[in-house]
Each structure stands twice: as structure tokens, then as C-alpha cells.
Amino acid sequence: MSMHIALFGKPFYEKHKDSVKHVIERVADIDAKALLFDEFREEIEKYMEAPESLGRFSNASDLVDVDLLITLGGDGTFLESVTYASEKGIPILGINTGTLGFLSNISTDHINEALDAVITGQTWIDERSILHVEAEGVDLGGFPYALNEAAIHKRKTASMVVVDVFREDRFVNTYWADGLLVSTATGSTAYSLSAGGPIVSPSSDVAIITPIAPHNLTNRPLVVPLNGEITLEASGRDTSFLLSLDSRSFKLKPRAKVKIKPAPFKVKLLNLEDQYFFNTLRSKMHWGMDPRG
């Protein structure tokens, strides 16, 4: 099976250098002209010499005729790779050299198994909904999207942020909290989970509205259909707030409207045949394990 592959990564711990080297060598065997992300190449060359045949890329426009993007890192690295691959519809396979890894869910122990499956086509594509975000007075750059969540946070003071929430121009609620998250089903196992939100199967087209440390404990996470526009307006004592789209942050003025709706495309995750969400969930959350040994 002939395919063109791109490799994306960030700085990694020295303990992972052998795994990274192995992935690069295997990928070079599959695709002698595979592309390496420029910053990743610089990191790799601290420990090894990258094969001369490998090309390079630094932005999404360089990913011409690429069939698969492989990421090496944690979920943060995976989320950053989305900004390069998703609008082009390139499937992403995440190899986990980070920590928990719900998105980068291939362990370094299963690299050969994963790449063998890629070669033989024993994989399936999981399409995930992604948020499109517009923020009044804010330049969100060339990728105004979030796979996990869009969030409004307070910036400097101990004061709460007050967020008015509307869906399809209908008032939902006012939240007094440290911040507010609007998450996808994919993001339900990320920041939203830490803030007390529910775990939602990623095939569900929903948005999860989760307050961060709410002042009023009756304000619980709310699940709504994704096929509608959600508007947020933040106010409070701060002169500005923080708007974050996954790992990217922007300064937001009080009362600036933030509009969130589903993007016109989905993120494609490449999975092995025996990989599915509940399998990953049990493994990462240690469900079904007897703590007594």
C-alpha cells in the first residue's frame, strides 16, 4: 500500500528518543519521502540524524497529497497537529509519548503493531466534530477552531468572571465562576472532565457548557445539541479576559461577543481495528480494576 506520510512532534523527553527514532525509521521505510515538521526535525537532530530522503513542512499548505499525519507526543501535540491537517481532511494517528493520551492513544509499546496496521489497511477513521469560533474584536488567526473546547477565563484578579450564555439568541443562564467552557464530546475527557463535566461518547454531536469553579453550586454542566450557535458575553472587574481555543489563548475585552458553532468539517482520527472509545476509556480511567489487587 503506497501512501504519503507527514510526521509532527514537539520537544520530547530523552527517555523517548529510542521510540522516536524507531518511528522515523519505520515511516521512512513506508514512505522514503515522508515529511518532517521543521521544529520536530530540529529536536530530533539533537539525538540522531534524520534520513536525508525525508522532506519537511512548516505549515498546512506544505501538506500536498499527504494521506496520513502521525503525531508523536501527548494530547497537546495532537491538538496542535489538528491546525495543520484537519481543513485538508488528512487523518491523524497519535503515538503517545506524553501522559494520559485520549487522542494520542497508541502507546510506544505498540508502534510496530500500529504501523503494520497502517500498511495493511487494518484501521478505521473516527470523525470528530470541531467548534468554529468568532470573537468580537479578536483576530483568531488562520485556524479559528477548537477540537476540545473554547473557554473564557479570568486573567489576573481573584474576582469572578460573569458569563451570559445564549443559544440560538435565547438566553440560557448567567454564570458567576472562574471561567466557562464550551466543549465538544471529544473535549468531555479533557478540561471539562476536570471541571466536573460529564463524559460523553465522541460520536455524539453535542456541546457541553461547564462552569469552572462556579459561585453558585446549583449551576451544573449543561449538554445541548451542537447544531446551533452559542453566544458568550463575559463581564466582571477585570479589564480583559482570556479566550482559549484548545491550547491557543487570546485577549478578550469585556462584553465582546464570542460565537460558537459547529465547523463545516470534522477531524479525522485514524484508529486500529480493535481501538474504540470505551476501550480507551477503561484503560485510561482504570475502570473495572479491583483496587484491592
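A single entry from 53, 81, 86, 58 fulfils the requirement of being over 20 Å from residue 114 (Cβ atoms), crowded, with 21+ Cβ neighbours inside 10 Å and either among the aromatic types (Phe, Trp, Tyr) or touching a residue at least 12 places away in the same chain (Cβ under 8 Å) (or both): 86.
Considering (1) modelled with pLDDT under 95; (2) more than 28 Å from residue 185 (Cβ to Cβ), the lone condition that residue 75 does not fulfil carries the number (2).
The set of residues in segment 229-245 being at pLDDT 95 or above and assigned to a loop (DSSP other than H, G, I, E, B) consists of 229 alone.
Say whether the condition of being surrounded by fewer than 13 Cβ atoms within 10 Å (Cβ to Cβ) and within 20 Å of residue 130 (Cβ to Cβ) is met by at least one residue in segment 232-254. Within segment 232-254, not a single residue is surrounded by fewer than 13 Cβ atoms within 10 Å (Cβ to Cβ) and within 20 Å of residue 130 (Cβ to Cβ).
Entry remark, segment 234-279: residues being more than 16 Å from the chain's Cα centre (by Cα), more than 21 Å from residue 166 (Cα to Cα) and aliphatic (A, V, I, L, M) number 1 in total.
Yes/no per residue for (1) modelled with pLDDT of 90 or more; (2) closer than 20 Å to residue 142 by Cα:
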residue: 24; (1), (2): yes, no
residue: 39; (1), (2): yes, yes
residue: 47; (1), (2): no, no
residue: 54; (1), (2): yes, no
residue: 63; (1), (2): yes, yes
residue: 89; (1), (2): yes, yes
residue: 98; (1), (2): no, no
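In segment 141-159, of all residues being among the aliphatic types (A, V, I, L, M) and either in contact with a helix residue (DSSP H, G or I) (Cβ under 9 Å, 6 or more places away or on another chain) or touching a residue at least 12 places away in the same chain (Cβ under 8 Å) (or both), the one that is farthest from residue 104 (Cα to Cα) corresponds to 152.
Selection of strands (runs of 3 or more DSSP E) fully inside segment 35-74 by the criterion of at least 2 residues being closer than 16 Å to residue 11 by Cα and in the same structural domain as residue 93 (by TED's automatic domain parsing) returns 35-37, 68-73.
The values are calculated or read from the model by the stated rules, or taken from the named source; none is laboratory data. Everything numeric here is computed off the predicted structure, so don't read it as measured data. Reconstructed Cβ throughout: ideal geometry from the backbone, glycine too, with neighbour counts over all protein chains shown.
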